[in-house]
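The values are calculated or read from the model by the stated rules, or taken from the named source; none is laboratory data. Note that the coordinates shown come from a computational prediction; the quantities given were computed from them, not determined experimentally. All Cβ positions, glycine included, derive from the backbone under ideal geometry; neighbour counts span all protein chains shown. Each accessible area value is taken on the protein alone, full model and side chains, heavy atoms only, with ligands, DNA and RNA left out. Shrake-Rupley method; radii C 1.70, N 1.55, O 1.52, S 1.80 Å.
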Amino acid sequence: DLKLQFLYFIGRWAGRHLPIYMKRMLAFKSLEALTFDNAALRSLPVDESKNMEQRQVRGACFSLVHISPLEKPEVVGVSEDALRLLDVSKDDEGIAAYLSGSKVIPGSVPAAHCYCGHQFGSFAGQLGDGATMYLGEITNASGVKWELQIKGGGLTPYSRQGDGRKVLRSSLREFVCSEAMYYLKVPTTRSGSLVKAQESVVRDIMYDGNARMEPCSVITRIAPTFLRFGSFEICKKRDPETLKTGPSVEQPEVLTKLFNYMRESEDDELERMYADAAAEKSDTQNVSRFAAAD
């Protein structure tokens with residue numbers, strides 16, 4: 001009868017989905033229980049001075065920093081799927097404190113990354129993480145490594161004229177757009193949470209002299225790595241146009257360590273890329289051979 005059929009289908013559904021759900025629940029950890037590896041800081045040169053003075057940082061890929069706690073942090077939004085990458089539940093009670101930087105997650109080591117880059121088409125020299133802070137690397141229950149950052153945690157040696165803070169207006173935009181781009185299949189960093197505070201900072205939104213107070217906020221950023229092309233440009237020689245150099249231009253050993261770290265940490269991905277490229281080349285050669293035979 002209908003009742004037995006209903007119970008039968010409910011039983012089948014539960015048998016199929018409950019083990020997956022229970023596995024996910026068992027895999028969840030509190031933020032306090034995360035195990036950080038921090039391979040980047042162990043493998044690459046680090047400026048350990050914790051000097052937040054704005055300066056050229058020579059011979060280092062990271063600078064250790066102090067996070068500036070937010071006043072009364074409050075969760076605005078979370079991405080359940082993004083936090084799951086870290087095996088963290090969206091209901092974790094530590095999100096407001098730990099992912100705002102008001103408390104330091106045990107095992108994490110806050111640091112700012114030194115990198116160079118181009119602005120408006122010209123080499124700008126040292127840029128670096130002016131408001132973003134590396135917390136560490138985590139390998140989840142599936143064996144996948146993720147790097148965790150917070151953005152808006154305060155001053156770093158790379159803040160230049162900034163205050164190291166981000167405001168709710170711009171953080172909300174990045175939080176929503178990061179996740180939207182991911183679901184639109186556009187490769188990007190993920191954002192796990194958005195936290196605001198009662199603390200405010202001055203911002204001139206239109207750069208027209210009409211500055212106003214805006215609430216501070218912090219978002220989390222998650223990616224396999226935040227190394228970029230500019231990470232290697234810290235060893236760049238003098239640019240012929242701007243005459244600027246990377247801060248570690250006279251220290252080629254830094255470049256060697258960067259390359260070796262990238263090769264070792266991304267070895268599987270590089271092997272896959274080379275295998276795909278070799279297969280594509282082989283296919284192209286076969287097509288050319290058949291075309292010549294015709």
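Only residues that are at pLDDT 70 or above, open to solvent by 60 Å² or more (accessible area, probe 1.4 Å) and of a type in the set (A, V, I, L, M): list them for region 254-284, please.
Selection gives Leu255 alone.
Going through region 69-79 one residue at a time, which ones are surrounded by fewer than 20 Cβ atoms within 10 Å (Cβ to Cβ) and modelled with pLDDT of 95 or more?
Selection gives Glu74, Val75, Val76, Gly77.
Is region 157-165 home to any residue that is charged (D, E, K, R), over 16 Å from Ser217 (Cα atoms) and surrounded by fewer than 21 Cβ atoms within 10 Å (Cβ to Cβ)?
Checking region 157-165: at least one residue is charged (D, E, K, R), over 16 Å from Ser217 (Cα atoms) and surrounded by fewer than 21 Cβ atoms within 10 Å (Cβ to Cβ).
Going through Leu127, Leu135 one at a time, which residue ends up being within 22 Å of Pro73 (Cβ to Cβ) and of a type in the set (A, V, I, L, M)?
Just one listed residue meets the conditions, Leu135.
Report every pair of residues separated by at least 6 positions or lying on different chains whose Cβ atoms are under 6 Å apart, first residue within region 222-241 and in a loop (DSSP other than H, G, I, E, B), second surrounded by fewer than 17 Cβ atoms within 10 Å (Cβ to Cβ).
If the second residue must be surrounded by fewer than 17 Cβ atoms within 10 Å (Cβ to Cβ), the pairs left are Glu241/Ser122.
What do you reckon, is Gly153 in contact with a Pro (Cβ under 9 Å, 6 or more places away or on another chain), open to solvent by less than 40 Å² (accessible area, probe 1.4 Å) and modelled with pLDDT of 95 or more?
Yes; evaluated as a whole, the condition is true for this residue.
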